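As structure tokens, the structure follows; a few thoughts come after it.
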Amino acid sequence: MRSYTKASPNGAVSKREEENLHLAYEAACEGIVLLKNDGALPLKTKKVALYGPGAAKTVKGGTGSGEVNERHVVSVLEGLENRGFHVTTKDWVESYEEYYLRVRRRYRRQKVANILKPGSNILYENFRMPCGPEIRKTDDADTCIYVLSRQAGEGGDRRAEAGDYYVTEEEKAAIGYCAAHYENFVLLLNCGSSMDMGFAREIPGINAVLYICQPGSQGGNAVADILSGTVTPGGKLTDSWAKRYEDIPFAADYSYLNGDLQNENYREGIFVGYRYFDSFGVEPAYPFGFGMSYTTFQMEGKACLQGSRVSVDVTVKNTGNFSGKEVAQLYVSAPGQNREYQSLAALGKTKLLSPGEEETLTLAFDPAALAFFREADNCFMLEQGEYVLRLGNSSRNTAAVAVVELGEAVTVSRHLPICPLQSPLQELTAPKRKPETLADVPHLVWDVSAFETADYTVPSEETQDRQVEKFLDGLTTKEMVDIVVGVGQIGAKKRFDLPGSVGNTTSKFWDRGLANAPLCDGPAGLRISRHNTITKKGRILPVEVTLSAYSFIPKFIRKHLMGNPEKQQSLYQYATAFPVTTVLAQSWNADLLEQVGAAVAREMEEFGCTYWLAPAVNIHRNPLCGRNFEYFSEDPRLTGLLAAAMTKGVQKIPGHYATVKHFACNNQENNRTHVSGNVSQRALREIYLRAFEPVVRQGKVQAVMTSYNRLNGVYTPNSYDLCTVVLRQEWGFEGVVMTDWYSTNPRQGDNALALAVGNDLIMPGGRYFKRKIFRGLRKGTVTEADIRRCCGRVVRAVFDSAVQKEYMK
Ligand code: BGC
């Protein structure tokens, strides 16, 4: 059997690789956020002391399926040296290496010892980087940079303890020492999500704080350019950073903290992130949308109405001494009871403005985005009253620019009830808002007749496709089951082989004209196998592990799965590690996200990837979620807008598909395969589904991945409401819905039911899953017609894929 691959014997750096690395660098520059600066930045010197766990071991991204196997990572140390800095503490950095390796070896030994024990969670990496050797100043630099690092990833949540969400006493002492002994002290936060910053308020002498997050393979160069002032920071937080963990609503109930891992009750309702802080008068450490610059800007806005659409022309002027970009943020306070104080309605980012230069942006929104969900009759509604438009550069630094009045309540859309709660949930309610007098801003009046009501209570018909129907007519039910159940990573036969893909659709029908479709992680770029070999029989084997957690599999097992480059020919694939999604989102730059999507698509084309398993759009509900770095924000509007742009970028090259995930409410990693997120319909629709909707409607995403968790007691791949009512009937989704990996394992979601409700593809597949489908057929859980429908969707997608077009000419 002949098989094909696009992995290449040529491992040299290509033009595409160089271009994508440059984009990864630009994305890091745009997404890094300056949190504090008393004038120490940009640095006035090129001689610096450098300390901290992330100095040379800068964490470029999180662990698990969000990893990327890139050619090289530029650390902060390397970036500084690349940009001509003299680092005076290289001896400390070198001795850290030995320290690190010792601790890492110990960690590895424990992991390996536990890996074969029942219940061990191979994917979950909870390695904590040691603080390192004691710091004693012996150099003559007056400026010090300290890189504080944290790692997290899928399979487990972060912990509200020292060494994770909090700093350790040792770290605090090291930071305190540096801040006291160097005239200028800059702290770099190298963690994928927010952390407690109480220590930074206590320690005197911290002159600047830069949130570099996990900035991808080019992060070190971006950091050095920001420190030197070559680049002016312009990133804005996509989350509110709490002053104290306890300030987050129901913080003590999150994940492992309350001892109940079976139920996660979303008692805060819609009051997530700034919606809570602003409505309940709690002051955050850093607000949503916040980020400093080296320059200053002035912003003026003029609102106008066109039908029901509101737009604000915003003139942004650079009034400082550095070139820079600014983000204009438009928030709206809507009338009505129990509503958030304000929500983000629109945003825009300027080009690079020179001192004195100005640009006018148009920020527009459809008022449907402001509607609240009335559970009593399942309608999205706009309340009668005054809508205050606030313009600024963070959620807490705005000025009212207009008041738009709606003369009567408007029903925006009618829906079927979905995902009912299994038991009542006592939700937070907002305190009454103080009335505002806004006499000196323009008042506009909406024409109520310009609004229309959408009715989603009537099911829509799916169109039939003759080419697909003809193909299906030639298949038995058993063969259709072969198509709707994927094939895994290891040992499975693939006619088109993309080494390192995390799954494939079947190759069984290759000779009948249906290619297989490779699927690859993940949100920071394609995670595929860099170095492989090909045996004489044509088998492609990896030379390195494709997931860091696999290195904990004992060597005697791994040995059988790996290639030997000394005896076999090597094949290479070098993909780009972009900054993690949170950094990309902190750019607040939809064009940039589209470019990153398009850059990934070029790699998909080069390596033959059909489905990219991204973007991941779950909401940052709590900073401890182990996968926050893979996700965009606490705000659904920002998330949806940016993820839709990224999706458009990916799907610009025909035959390559984005996969939005994890649908829905996968907001906790501990016990993720059993926990039930218990959410009211209102919060579900206003917060959690709103992040997905634009990716389907505007981004026209071609695939959706359901999640591991249960939602109000029902496993999401078994939810007709999610997979069919919301996705297809309301949002008009026409692509493939797939399970998350092994989420229909025993005692999890039901395989047959998944197909019956519209989850078309079971990943990564195997015999067990097929058996369950046949049993379901016998029991009547699923019908042949259901299987045919799911199969048709998969076949349609594969027919249109680039691999199919190339190999089935
Ligand atoms: C993750 C998904 C990922 C899949 C394939 C799962 O563990 O939740 O996000 O795409 O694995 O690697």
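A short reminder: the numbers here are calculations on the coordinates, not readings from a lab. The model shown is predicted, which means the values in this text are computed figures rather than measured ones. Positions of Cβ are generated from backbone atoms using ideal geometry, with glycine treated the same way; all protein chains shown enter the neighbour counts.
Give the separation of the Cα centroids, the stretch 128-190 to the stretch 564-620, in Å.
Cα centroid to Cα centroid, the span is 30 Å.
Given axes a ≥ b ≥ c from the Cα gyration tensor, I'd like to know whether the stretch 276-375 is rounded (a/c under 1.5), prolate (a/b larger than b/c) or oblate. If you can, show how the numbers build up before the last one.
Working: a/c = 3.36, a/b = 1.49, b/c = 2.26.
Because a/c hits 1.5 or more and a/b fails to exceed b/c, the stretch 276-375 counts as oblate.
Using a ≥ b ≥ c from the Cα gyration tensor of the stretch 735-788 (square roots of the eigenvalues), is it rounded, prolate or oblate, where a/c under 1.5 gives rounded and otherwise the larger of a/b and b/c decides, a/b for prolate? Write out the running numbers ahead of the final one.
On the way: a/c = 1.76, a/b = 1.15, b/c = 1.54.
Cα axes put the stretch 735-788 in the oblate bin.
What are the lysines whose alpha-carbon lies under 22 Å from the alpha-carbon of LYS6, with same-chain residues fewer than 8 places away excluded?
Straight-line reach from LYS6, under 22 Å: LYS15, LYS493, LYS494, LYS508, LYS536, LYS537, LYS567, LYS652, LYS805, LYS809.
Can you list the aspartates and glutamates whose alpha carbon sits under 14 Å from that of LYS44, skipping same-chain ones fewer than 8 residues off?
Cross-link targets: ASP142, GLU183, ASP225.
Under the classification rounded if a/c is under 1.5, otherwise prolate if a/b is larger than b/c and oblate if not, where does the chain fall, given a ≥ b ≥ c as square roots of the Cα gyration tensor eigenvalues?
Details: a/c = 1.61, a/b = 1.08, b/c = 1.49.
Here the chain falls in the oblate category.
Helix check for the chain. Which DSSP H runs span at least 20 Å along their own axis by Cα, with a mean Kyte-Doolittle hydropathy no less than 0.5? List each step's numbers first, then the result.
Details: long enough: 15-31 (24 Å, -1.11); 90-115 (36 Å, -1.54); 590-607 (26 Å, 0.11); 636-650 (21 Å, 0.71); 784-799 (22 Å, 0.19).
TM-like helix candidates: 636-650.
Work out from phi, with θ = phi - 60° and the Karplus expression 6.51 cos²θ - 1.76 cosθ + 1.60, the ³J(HN,Hα) of each residue of the stretch 187-196, listed in order in whole Hz, and give x for Gly and Pro.
9, 9, 9, 10, 9, x, 8, 5, 9, 5
Name the lysines eligible as straight-distance cross-link partners of LYS111: C-alpha to C-alpha under 21 Å, and not fewer than 8 places from it in the same chain.
LYS57, LYS555, LYS559
How would you order 742-750, 710-718 from highest to lowest mean count of nearby Cβ atoms within 10 Å?
Working: 742-750: 18.4, 710-718: 24.0.
For the peptides 742-750, 710-718, the packing ranking is 710-718, 742-750.
Using per-residue counts of other Cβ atoms within 10 Å, averaged over each peptide, order 5-13, 773-781, 629-637 from highest down.
Numbers: 5-13: 14.0, 773-781: 15.7, 629-637: 27.7.
Result, highest mean Cβ count within 10 Å first: 629-637, 773-781, 5-13.
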